[in-house]
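Structure, as structure tokens:
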Amino acid sequence: MAASSYFPKVPAKIPFDPKAKKGALAFKHYQADKVVEGRSMRNWLRFAVCYWHTFRGTGSDPFGPGTMQRPWDDGSDSLNNALKRVDVAFEFISKLGAPYYCFHDRDVAPEGANLAKSNKNLDAVAEKLKESQAKTGIKLLWGTANLFSNPRFMHGAATSCNADVFAYAAAQVKKAIEVTNDLGGENYVFWGGREGYMNLFNTDMKRELDHLAKFMHMAHDHAQKIGFKGQFLFEPKPKEPTKHQYDYDAAACLNFIRANDLEGIVKLNIETNHATLAGHTMMHELEYASIQGALGSIDANTGDLLLGWDTDQFPTDIYLTTQCMLVIMKQGGLAPGGVNFDAKVRRESFEPLDLFYAHVGGMDAFARGLKIAAAIRKEGLLSDLVKQRYSSYDAGIGKQIEEGKVGFVELEKYMLGKGNPDSNDSGRQEMIENIINEYL
Ligand code: XLS
Ligand code: NI
Ligand code: NI
């Protein structure tokens, strides 16, 4: 089938056209080559389309089957169907103009009757992915392995109580890293799908966490051995599918990384809806990871304030994208990471065209966030206010505290001499919130 035939209503490239009528399939803000703070939008944002939601999502939920109309898909898990989906995916991503994509091994290729057969299927699809990358210039942001769908992973993968399942997971990840490497993947993600527990009475938490650490060192050793240069990333999530996932949030992941000598080996892929499930804002998780040099990439989506599960909706809130871009720009960008739309269209948005509306909206929301964050940074009002707020540490006793020149004895002497601290200044939260709104 000709390359343009899966989305016949969509032009070869979604245009940048700020004057297009409301609701048109056009970017109003994302202009790949436009330079913002010395870097193109393309390079700041490094957008990726995810294979699982976009090309494998059916729209099913716990109350009913799928609703999506995907005329190219025969609904089977055959290799032929998988190979055809590669054409669909690359046509979609090309028309959208996103530079990257991400996948799990089992999204792109069917699971076979045993490991050898699964690997063979993956090789067949990977060959086609490689050709399609070469033809279109679309690159792989990250690969990963699905260690959660198959029933064998009911107790977890690296944290399973069954050593054979650990071995299977290791072999599967070995293969997934090799394929990612062969496709030039710039990162490799570990989302601990079922690494967690439902009940502590039947769980040896210490052994499970030790096994997870062993697994990560084995993965690192193998990556070194095959010359994989990509960045390893943990993707924190607090719950779902298990009641308690070990990679709960950025703080829990960083503790695990430090406790197990994985510093410098694993960074973090932060997802909005996972941050909010953990009771954090996305900005908190980004800032917390970033200040420790561990913010590697993001899964851009959003949850629903009224629903307590991972709804993985497309991000449309400019306040949120501005917050994300403020942190990302402060650390100088995400590369080799990027902004992956780990998001799915709603069950009611069942037409192929809805996939375009969703991604165009997400890309434009992030482009706006980028422009707004750049404007805030250019004027420097916000950073000046923050700097001013801590200025008592820039000289005098504050400076001595920061430089480690004083201890409790000296501080007591200082305060006994002074009697009482200098008075506090207002935090001016409301004024600052007003200022932020002036940029929106
Ligand atoms: C699921 C995760 C998953 C990871 C990749 O909640 O977000 O999609 O991003 O395994
Ligand atoms: Ni999610
Ligand atoms: Ni994700």
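The values are calculated or read from the model by the stated rules, or taken from the named source; none is laboratory data. Here the structure is a predicted model, which is why all the values come from computation and not from measurement. Neighbour counts are summed over all protein chains in view; Cβ atoms, including those assigned to glycine, are modelled from backbone coordinates with ideal geometry.
Against the conditions (1) modelled with pLDDT of 95 or more; (2) among the hydrophobic types (A, V, I, L, M, F, W, C); (3) within 16 Å of ligand 2 (Cβ to nearest atom), Ala289 satisfies every one except (3).
Going by the structure shown, is Arg389 of a type outside the set (Asp, Glu), under 40 Å from the mean Cα position of the chain (by Cα), surrounded by 12 or more Cβ atoms within 10 Å (Cβ to Cβ) and closer than 30 Å to His29 by Cβ? No.
A quick yes/no check of all residues on (1) more than 16 Å from ligand 3 (Cβ to nearest atom); (2) modelled with pLDDT under 95; (3) of a type in the set (D, E, K, R):
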| site | (1), (2), (3) |
| --- | --- |
| Pro18 | yes, no, no |
| Gly23 | yes, no, no |
| Phe27 | yes, no, no |
| Glu37 | yes, no, yes |
| Ser40 | yes, no, no |
| Phe47 | no, no, no |
| His53 | no, no, no |
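The rows are residues; the columns are (1) more than 16 Å from ligand 2 (Cβ to nearest atom); (2) touching an Asp or Glu at 6+ places or on another chain (Cβ under 9 Å); (3) modelled with pLDDT of 95 or more.
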site: Cys161; (1), (2), (3): yes, yes, yes
site: Glu186; (1), (2), (3): yes, no, yes
site: Gly193; (1), (2), (3): no, no, yes
site: Met218; (1), (2), (3): yes, no, yes
site: Gln224; (1), (2), (3): yes, no, yes
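Is it true that Asn255 is out of contact with any Leu (no Cβ under 6 Å at 6 or more places or on another chain), more than 15 Å from ligand 1 (Cβ to nearest atom) and in contact (Cβ under 8 Å) with a residue 12 or more places away in the chain?
Working: out of contact with any Leu (no Cβ under 6 Å at 6 or more places or on another chain): yes; more than 15 Å from ligand 1 (Cβ to nearest atom): yes; in contact (Cβ under 8 Å) with a residue 12 or more places away in the chain: no.
Here the answer is no, as Asn255 does not meet what is asked.
Looking across the stretch 38-58, just one residue is touching a Leu at 6+ places or on another chain (Cβ under 9 Å) and among the charged types (D, E, K, R), and that is Arg46. Among the residues of the stretch 99-142, those that are touching a Leu at 6+ places or on another chain (Cβ under 7 Å), assigned to a strand (DSSP E or B) and not aromatic (Phe, Trp, Tyr) comprise Cys102, Leu140. A residue that is touching an Asp or Glu at 6+ places or on another chain (Cβ under 6 Å) and over 18 Å from Ala365 (Cβ atoms) cannot be found anywhere in the stretch 12-34. Restricted to the stretch 150-179, and to residues that are in a helix (DSSP H, G or I) and among the β-branched types (Val, Ile, Thr), which residue is farthest from Glu208 (Cα to Cα)? For the stretch 150-179, the residue satisfying everything is Val179.
What's the total number of residues in the stretch 276-305 that are part of a helix (DSSP H, G or I) and under 13 Å from Ile328 (Cβ atoms)? Even if it seems obvious, please write down each step before you answer.
Applying the first criterion (part of a helix (DSSP H, G or I)) to the stretch 276-305 yields 276-277, 282-290.
When the remaining residues are screened for being under 13 Å from Ile328 (Cβ atoms), the result is 282-283, 285-287, 289-290.
The number of residues fulfilling the criteria is 7.
Of the residues in the stretch 306-318, at least one is closer than 23 Å to Tyr288 by Cα and assigned to a helix (DSSP H, G or I). Being within 16 Å of ligand 3 (Cβ to nearest atom) and under 22 Å from Val266 (Cα atoms) is a property that Gly338 has. Which count do you get for residues in the stretch 195-213 that are in contact (Cβ under 8 Å) with a residue 24 or more places away in the chain, of a type outside the set (A, V, I, L, M, F, W, C) and assigned to a helix (DSSP H, G or I)? Within the stretch 195-213, residues that are in contact (Cβ under 8 Å) with a residue 24 or more places away in the chain, of a type outside the set (A, V, I, L, M, F, W, C) and assigned to a helix (DSSP H, G or I) number 2.
Here Glu271, Glu235, Glu240 are screened, and the one residue that is within 15 Å of ligand 1 (Cβ to nearest atom), surrounded by fewer than 22 Cβ atoms within 10 Å (Cβ to Cβ), in contact (Cβ under 8 Å) with a residue 12 or more places away in the chain and closer than 27 Å to Leu140 by Cβ is Glu240.
Could we say that Lys267 is closer than 25 Å to Ala170 by Cα, at pLDDT 95 or above, within 16 Å of ligand 3 (Cβ to nearest atom) and not in a strand (DSSP E or B) here? Criteria not met by Lys267.
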